[in-house]
Amino acid sequence: MKIAVVDTGFCSQKALTKSKTHVVKPARDMTGTNSYNCKKITDKELKGGGRFHGQNVLNEFLSYLPKKINLTIYPLVVYDNRGNQTASAWKKAIDFVETEKIDMVLTASGFISTEKVVKDLPSIWFVPSGRTERSITSKTVLFPQSLAPTPNIFVIGDYYDGEQIIYDQALLYQDQIDYYFPSGKKDFTGTSRAVAEAMAKALQKCFIEKDIIAAHSLRLCLLKSAKTLKDPILKKEFKTF
C-alpha cells in the first residue's frame, strides 16, 4: 500500500516507525527551494515550530498505525523555504499521487486560495477542516478543503476531550466535516493531530480488518463503525469512529 503525506518539512530518516513493514521514503520537495540538512536538525527543532509540522503529522500517524500493515510512505513538501505554499507545488504533489498510484493521502495543511488547483483529486484524501486563528478567519477559503463534499475526501475536525467533551467552535468547513477526533493534550494539537489519528484508525478498521480501500466502500465501512458524541453544554452531536 502506498501513502503520501503532504505538508511542510520532513526528516524521513528520523520518522518514529514502530514496524519494519512501515517504509518512509526520503521527502520530495515540490517547491525546489528547501535545502535544510536533517543531520543537523535536533529533535527539539523537529517537534517545535511550523518548519517541520509535516514531521509531527507523520509521527502522529505512525503512532496509531497498526504494526502489521505493509506500506510505503512518501512525504511531499508543498511549503517553500520561506514557509509559503504555492498552487504549482500542490499541483506537482497531486500529479505525483496520480502518477505513482498512491492509495491514500494524508495532509494537515490547507492552501489559502479561492483557486481550485484541480477540479478533483486522485486517490482517497484525509484533510483537516482547519480552524480560525491568526490570519485565518471564518471566511478563509482553503484547498483542498474547498473541494468537499466529495466521496474521496474525508474532512476531519477536532474536539476537546477532558472531563467532558467540548465541541471546537473555531472549526472551518463545519458543514463538510465527516468525523471528529480529539484535539490532543501534548505538544502537537488541533485538527492537524486529529486528522493523523483519523486516517490511521480508518486503516485499522477498514483496510486491516476488511480489506477495503475504495472511497465509497470506505465511507460505508466507517459509517458502520461510527459513534455519536455530544457536547453537554452546546447540546451539539457529532460523529467519530
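Return one whole number: the accessible area per residue of the chain in Å², for a 1.4 Å probe.
Solvent-accessible surface per residue comes out at 49 Å².
For the ranges 211-220, 192-201, what's the packing order if you count other beta-carbon atoms within 10 Å of each residue, average per peptide, and put the highest first? Show your work: numbers first, answer last.
On the way: 211-220: 14.6, 192-201: 24.9.
The most tightly packed comes first, giving 192-201, 211-220.
Using a 1.4 Å probe and ignoring any ligands, DNA or RNA, find the accessible area of GLU100 and quote it in Å² to the nearest 10.
Solvent-accessible area, nearest 10 Å²: 60 Å².
Mark the label point 7 Å from the Cα of THR150 along Cα→Cβ and return the residues of segment 180-215 whose backbone N is within less than 18 Å of it.
214-215, by backbone N distance to the label point.
Which value, in debye to the nearest 20, gives the size of the charge dipole of segment 90-166 about its Cα centre, when Lys and Arg are +1 and Asp and Glu are -1 at the Cβ? Mind showing how you got there, number by number?
Working: 8 positive and 10 negative charges, 77 e Å.
Its charge dipole is roughly 380 debye.
Could you calculate the contour length gain from LYS39 to ARG134, that is, 0.36 nm times the residue separation minus the distance between their Cα atoms, to one decimal place in nm?
Values: separation 95, 0.36 × 95 = 34.20 nm, distance 3.21 nm.
Roughly 31.0 nm would be gained on extension.
Which ³J(HN,Hα) values, rounded to whole Hz and listed in residue order, are derived for segment 43-48 from phi using the Karplus coefficients 6.51, -1.76 and 1.60 in 6.51 cos²θ - 1.76 cosθ + 1.60 with θ = phi - 60°, glycine and proline given as x?
Those phi angles translate into 4, 5, 5, 5, 7, x Hz.
Treat each spin label as a single point 7 Å out from the Cα along the C-beta direction, and report the LYS67 to ASN81 distance in nm.
Label at LYS67, label at ASN81, 4.1 nm between them.
For GLU209 and LYS18 in one chain, what is 0.36 nm times their gap in residues minus the Cα-Cα distance, to one decimal in nm? List each step's numbers first, then the result.
Values: separation 191, 0.36 × 191 = 68.76 nm, distance 1.95 nm.
Extra length from GLU209 to LYS18 when fully extended: 66.8 nm.
Do the alpha carbons of any pairs in LYS185/LYS236; LYS20/LYS116; LYS39/LYS227; LYS68/LYS227; LYS68/LYS235 sit beyond 32 Å of each other, and which pairs?
Working: LYS185/LYS236 22 Å; LYS20/LYS116 38 Å; LYS39/LYS227 44 Å; LYS68/LYS227 26 Å; LYS68/LYS235 39 Å.
Long pairs (Cα-Cα over 32 Å): LYS20/LYS116; LYS39/LYS227; LYS68/LYS235.
Order 145-156, 113-124 from most to least packed using the mean count of other Cβ atoms within 10 Å. Working shown, then result.
Numbers: 145-156: 19.5, 113-124: 14.7.
Result, highest mean first: 145-156, 113-124.
Residue by residue through segment 185-194, which ³J(HN,Hα) values in whole Hz follow from phi under the Karplus form 6.51 cos²θ - 1.76 cosθ + 1.60 (θ = phi - 60°), with glycine and proline marked x?
For segment 185-194, the Karplus-derived couplings read 10, 9, 6, 9, 9, x, 5, 5, 5, 4 Hz, x marking Gly and Pro.
Quantify, in whole percent, the carbon and sulfur part of the accessible surface of segment 1-98 (1.4 Å probe; protein heavy atoms only). Walk me through the numbers on the way to the answer.
On the way: 2320 of 4850 Å².
Reported share for carbon and sulfur atoms: 48 percent.
With the Cα gyration tensor of segment 96-226 in hand, give its eigenvalues times 5 under a square root as the equivalent ellipsoid semi-axes, listed largest first in whole angstrom.
Working: eigenvalues 103, 82, 29 Å².
Working from the Cα gyration tensor, I get semi-axes of 23, 20, 12 Å.
For segment 178-213 and segment 73-96, write down the distance between their C-alpha centroids in whole Å.
Taking the Cα centre of segment 73-96 as reference, the centre of segment 178-213 is 22 Å away.
Mind putting a number on the dipole of the chain about its Cα centre? Charges go on the C-beta only, +1 for Lys and Arg and -1 for Asp and Glu, and I need it in Debye to the nearest 20. Write down the numbers at each step before the final one.
Details: 35 positive and 25 negative charges, 104 e Å.
So the magnitude is around 500 debye.
Per DSSP H run of n ≥ 4, the term is -39500 (n - 2.57); total these for the chain, divide by its residue number, and report the mean residue ellipticity at 222 nm rounded to 500 deg cm²/dmol.
Values: 5 runs with 53 residues, N = 241.
Here the helix-only value at 222 nm equals -6500 deg cm²/dmol.
Around ILE233, with a cut-off of 15 angstrom between Cβ atoms, what is the net charge of the other residues, counting Lys and Arg +1 and Asp and Glu -1?
Numbers: positive: LYS230, LYS235, LYS236; negative: ASP161, GLU163, ASP168, ASP231, GLU237.
For residues surrounding ILE233, the net value is -2.
Using only the alpha carbons of the chain, determine the length spanned along each of the three principal axes and report them from longest to shortest in whole angstroms.
Per principal axis, max minus min of the Cα coordinates gives 49, 41, 37 Å.
Using the alpha carbons of segment 1-80, what is the convex hull volume per residue in cubic angstrom, as a whole number? It would help to have the intermediate numbers written out before the result.
Details: hull volume 6.3 nm³, N = 80.
Looking at segment 1-80, the number lands at 79 Å³ per residue.
Determine the sum of side-chain charges near SER12: Lys and Arg each +1, Asp and Glu each -1, restricted to other residues whose C-beta is under 11 angstrom from that of SER12. Could the numbers behind the result be given before it?
Values: positive: LYS14, LYS25, ARG28; negative: none.
Summing Lys/Arg as +1 and Asp/Glu as -1 gives +3.
How long are the three semi-axes of the equivalent ellipsoid for segment 1-142, computed from the Cα gyration tensor as the root of 5 times each eigenvalue, in whole Å, largest first?
23, 19, 15
Short version: ³J(HN,Hα) in whole Hz for each residue of segment 165-179, in order, from phi by Karplus 6.51 cos²θ - 1.76 cosθ + 1.60 (θ = phi - 60°), x for Gly and Pro, what are they?
Rounded to whole hertz, the list is 7, 10, 5, 7, 6, 8, 5, 8, 6, 4, 6, 9, 5, 8, 9.
Within the set LYS25/LYS92; LYS14/LYS44; LYS91/LYS139; LYS91/LYS119, which residue pairs have Cα atoms separated by over 20 Å?
Table pairs above 20 Å Cα-Cα are LYS91/LYS139.
The values are calculated or read from the model by the stated rules, or taken from the named source; none is laboratory data. Bear in mind that the values here come from a model prediction, so they are computed numbers and not experimental data. As a convention, Cβ positions derive from the backbone with ideal geometry for all residues, glycine included, and neighbour counts pool all protein chains shown. Protein only, heavy atoms only, side chains kept; ligands, DNA and RNA dropped before computing areas. Shrake-Rupley method; radii C 1.70, N 1.55, O 1.52, S 1.80 Å.
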